[in-house]
Each structure stands twice: as C-alpha cells, then as structure tokens.
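The structure appears below as structure tokens.
The values are calculated or read from the model by the stated rules, or taken from the named source; none is laboratory data. None of these values were measured; they are calculated from a predicted model. We place every Cβ from the backbone using ideal geometry, glycine too, and count neighbours over all the protein chains shown.
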Amino acid sequence: MFPSLLSTRRIKKIVAGAFCIASLASAHGSDWTRFRGPNGTGISPDADPLPVTFSDAENLQWKVSLPGAGVSCPIVVGDKVFVTCYSGYGLDRQNLGDMKDLKRHLVCIDRASGKTLWEKTVDAVLPEDEYTGMGVPEHGYASHTPVSDGSHVYVFFGKSGVYAYDLDGKEIWHASVGTRSDDRSWGSSSSPILYEDLLVIPAGAETRAVVGLDKKTGKELWRSESDGLGNVWGTPAISKVDDTRTDIVIGAPDEIWAINPATGKLKWYCTAMPTDQFNSSVVVSEGMIYAVEGRGGGSIAVKAGGKGDVTSANIAWSGNDSNRFSTPLVFEGRIYLISAGTAKCISAADGKEIFQARLQSGQAPAAGSPPDNAPPAGAPGQPPGGGRGGRGGFGGGRGSDYSSPVLGDGKIYYVTRGGDIHVVKASDTFEKLATNRLTADSEDFSATPAISNGQIFIRSSKHLYCVSANK
C-alpha cells in the first residue's frame, strides 16, 4: 500500500519554471477536444437533436475499422475525429505476440464520411508493462485520450512519451515524461489536458508526477511530484476560482489537490475518500469540485479556492456513494452515477439520494424498450449488474464497465463494456428511453463517447462508430 499522501505531501516539491501565458488557440465551440469534452464535464453544449434509438441498421452514419485496440476516447476537432490505438502485442491473453512489435497509432478520420485521412504510428519504448495479471489486460496500451487546442493534437503514449501533431499529421515535437511503472504494473491511463499554453500530463505511473509542458515546444516547465500519483488513473480538470486565479484539480489517494498552473505548486488540498487508489476523475461545476470513487467508495463536494489544508473550510458534504471506474455527470443540480448496472442520482447541493434504479444488464432488449424501474443490482433477489461474464482481455468476455456517462440534448448516454448503450432522460426521476446495440460481434466497449453537432462517436476495440439522427 502506498503511504498516506498526508505524510508524503512535503515531498511534492516542484522544479518550477516561469512561462509566458499566451491566448488559447480557438477551437470550434461545439468541438469535443479532450476526455469527456468541455473541461471533462461530459456535457455537450449543442442544441442539435441526438437519436434515442440506433443500431447497425438505424441512425448509424458510418462505421470504420481501426488499426488496433484501445480504450482511449475519440475527440472531435472541426471536421476531424482523432482516436488512438495499439497493435502488435497484447491483444489477447491467448495470443500475446512479441512485445518488440508493439506500436501506438493516432488515427485522423473525416467526421462526415468516416474516411481515414491519415494515420501516425509510433514504436513503443520498451520494456512496457507486460500483458498479464489484473491490470494491463483490462485496458491495453492505448488508454490516454488525446487533447486538442483546435490547431494541434497532443497525444500521451505513457512510457513512449508525448507527441504533438498539427491537424494534417505533421509531427511538431515529442518528449519523454518518464519510463517507470506503477507498483502493480497495471499501466497508466490518465489523459492530458490543456490550459492556455500549458499541456498538463498526469504521468503518475511513468514518473510519479503531474508534468507541465510548453505546448509549443514540449519543454518541461514544472513537475509536481508525489509517490501517491503512482496510484492515480483519473484526469485533471480546470477550476476557475475568480478572474485572477485558476487551479488544476485532480483526485489522489485520500485527497483532492489543486495545483497552480503557473508553477506546479500545490495551492490547496483536502482530505477525501479513504482509498489507496483514485480511478475516476474529478468534475468541476459552478465553483464546486465533485468526486465519487469506487475503490472502497466515497463521494465528496469541495468548494473551489482557498490555500493549504481546506478540509474544514471547503468541504460542503461527503457521502458513501460508489462509482467504481466511472466519472460522475453533474447537470442542473444533480449528480448522475452509473456503474455496476445501476443508475443513481444524488443532489449536488447536499449529496442526498434522488433516485436509484437498475439498468438492464446482459443482452439488450429491442431499442426503445420501456423504462426498467426494477430494484438496483445487488438488492435482495436481484442479479449483480454490469458485466457479461468473466474478463479475458480484448476479444474475450466482459468484466467491469469502464466508460463514463455523457449528456447531450437532454439525454444521458452510457456504454457498457459488452456493447449495451443505455439512453436515460436527464431528469429528477428515472426514465430509461432505450437500450441500443451497434453490433452483435465480440467487441470491447470501454471508451467514453464523444458528442458534437448532433453526432455521437462511440469507439470499441475494433471500430469507431458515428450515430446521428441527421442524415
């Protein structure tokens, strides 16, 4: 077990560098440019209608084969969609291949047609974490979602480093942020984010640090270190405190942190869920930071801002909610939690439960099926929810769900690992609108969808799908 971050906080000292903050390159207002879209909220601002029902024969705009597997999420920049993959090794427990053949890929796809516009392939820096045990086979070697500022796309490939490309595929720079492994060798999955000219890399496994790079050159500007970051798999978010201050917030074992983006120094911290891991991501909404964890459970709401230990001053409420790997969705004063076959809604104001209901697991019924208001999974007499049997790596059975809910057009979309795509009305009462499937084949759906301009982009271990009500 990692030592408490309360006891290791003082080793989080930073090699800081000054940098000049320039204006952020403009991206389309409805672009989905990072993990879970705008600031990681999972909420699309678009007014375009989104389909309730879809399948391989209904509202499927296109489907494209990918050059390899992965659980990273697609991002959308203007007329292009970007997604990462890996190939050559570790696609199946029964057929590992040779690690020296491991490759990473960045694929650029035309959003209108699904045509592949270009692809970049990167040789893996070896040795990588082996495809064995409980960790890497659950997600593979393409688990970090890219990020874009509207003119460039930035990709984090773990030990293989960080790459910057322009939108036509020209490599601008690449840099290493470390080649270590987490203590369990589970592999990393935290995704990069951008703040103005700063590219923030949560390189917990690789170097036990959050690293700030100059997005134009790849030069390291600062490094915020802690042993506890080796047990972090979440992605940071941006917390604007006021007109003069913005923090980078991230969940870590036992705590929530806020980091100064200018220096990498810790601005504040608070005691949070008592867990030696942090698998999900924090969500920022209306001056509050919300987090719900699954490793031992726990939920928390923390007021943004402050200095030093804000545990007593800034925690609005805490609870015992559990969300496993999924990041919560905060919308109109409600927090939606979906995991293990159960949909739960709690109040953002006080954490009190609004509703809880079971999402039907296993083989999906016909699209547009009536709401399922059965007792939650795990209740007396009810089967456990979530997976579809044992997990055997990509192409095998189904285990824990890894995606997070996203919202657009007043509807919540949640993808299970087995390929069931639930559509739930965003409301203070539970109303499931449909459960859809895009394929009957064995594909792993562990990525969170992207939403932009009436289109939903859903990636599996084999394909990228685009569904839309607009033809």
Can we say ALA27 is assigned to a loop (DSSP other than H, G, I, E, B), at pLDDT below 95 and either closer than 28 Å to GLY234 by Cβ or aromatic (Phe, Trp, Tyr) (or both)? yes
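Okay, residues lined up against (1) among the acidic types (Asp, Glu); (2) modelled with pLDDT under 95; (3) at positive phi; (4) in contact with a Leu (Cβ under 8 Å, 6 or more places away or on another chain):
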residue	(1), (2), (3), (4)
SER191	no, no, no, no
LYS216	no, no, no, no
GLU220	yes, no, no, yes
GLY228	no, yes, no, yes
VAL232	no, yes, no, no
THR235	no, no, no, no
ILE238	no, no, no, no
THR246	no, no, no, no
ILE250	no, no, no, no
The condition of being in contact with a helix residue (DSSP H, G or I) (Cβ under 6 Å, 6 or more places away or on another chain) and either more than 25 Å from LYS267 (Cα to Cα) or not hydrophobic (A, V, I, L, M, F, W, C) (or both) holds, among GLY234, GLY212, GLY230, only for GLY230
It is to be established whether one or more residues within segment 254-269 are touching a residue at least 40 places away in the same chain (Cβ under 8 Å), among the aromatic types (Phe, Trp, Tyr) and either touching a Pro at 6+ places or on another chain (Cβ under 8 Å) or within 28 Å of ILE354 (Cβ to Cβ) (or both). no
Residue hits (segment 108-142; in a loop (DSSP other than H, G, I, E, B) and more than 20 Å from ASN231 (Cβ to Cβ)) are ARG111, ALA112, SER113, GLY114, LYS115, ALA124, VAL125, LEU126, PRO127, TYR131, ALA142
Those residues that are under 20 Å from ASP242 (Cβ atoms) and out of contact with any Gly (no Cβ under 7 Å at 6 or more places or on another chain), I need them from segment 277-306; list them, please. VAL284, SER285, GLU286, GLY287, MET288, ILE289, TYR290, VAL302, GLY305, GLY306
Considering only residues that are surrounded by fewer than 19 Cβ atoms within 10 Å (Cβ to Cβ) and under 20 Å from TYR414 (Cα atoms), which ones fall in segment 63-91? LYS63
In segment 283-302, what residues are in contact (Cβ under 8 Å) with a residue 60 or more places away in the chain and buried (at least 24 other Cβ atoms within 10 Å of the Cβ)? VAL283
Output the residues belonging to segment 239-253 that are farther than 15 Å from ILE193 by Cα, among the acidic types (Asp, Glu) and assigned to a strand (DSSP E or B). ASP242
Sort out which residues of segment 188-207 are buried (at least 23 other Cβ atoms within 10 Å of the Cβ) and farther than 15 Å from ALA262 by Cβ, and write them in order of number. SER188, SER189, SER190, SER191, PRO192, ILE193, ILE201, PRO202, ALA203, GLY204, ALA205, GLU206
If we keep just the residues of segment 415-459 that are outside any loop (DSSP other than H, G, I, E, B) and of a type outside the set (A, V, I, L, M, F, W, C), which is nearest to PRO405 (Cα to Cα)? HIS422
For ARG334, indicate whether it is modelled with pLDDT under 50 and either within 12 Å of TYR290 (Cα to Cα) or in contact with a helix residue (DSSP H, G or I) (Cβ under 8 Å, 6 or more places away or on another chain) (or both). no
Counting only residues in segment 266-282 that are at pLDDT below 95 and in contact with a helix residue (DSSP H, G or I) (Cβ under 8 Å, 6 or more places away or on another chain), the one surrounded by the fewest Cβ atoms within 10 Å (Cβ to Cβ) is identified as ASP276
Could you please find all residues in segment 423-453 being within 21 Å of the chain's Cα centre (by Cα) and either surrounded by fewer than 24 Cβ atoms within 10 Å (Cβ to Cβ) or free of Cβ contacts under 8 Å to residues at least 40 places away in the same chain (or both)? VAL423, ALA426, GLU443, ASN453
Checking ALA142 against (1) surrounded by fewer than 17 Cβ atoms within 10 Å (Cβ to Cβ); (2) closer than 19 Å to SER65 by Cα; (3) not acidic (Asp, Glu), which single condition isn't satisfied? (1)
Look at SER87 and say whether it is closer than 22 Å to THR416 by Cα and touching a strand residue (DSSP E or B) at 6+ places or on another chain (Cβ under 7 Å). no
Given the structure, is GLY305 modelled with pLDDT of 95 or more, buried (at least 22 other Cβ atoms within 10 Å of the Cβ) and assigned to a loop (DSSP other than H, G, I, E, B)? no
Any idea which of (1) in contact with a Lys or Arg (Cβ under 9 Å, 6 or more places away or on another chain); (2) surrounded by fewer than 20 Cβ atoms within 10 Å (Cβ to Cβ) is the one GLN94 doesn't satisfy? (1)
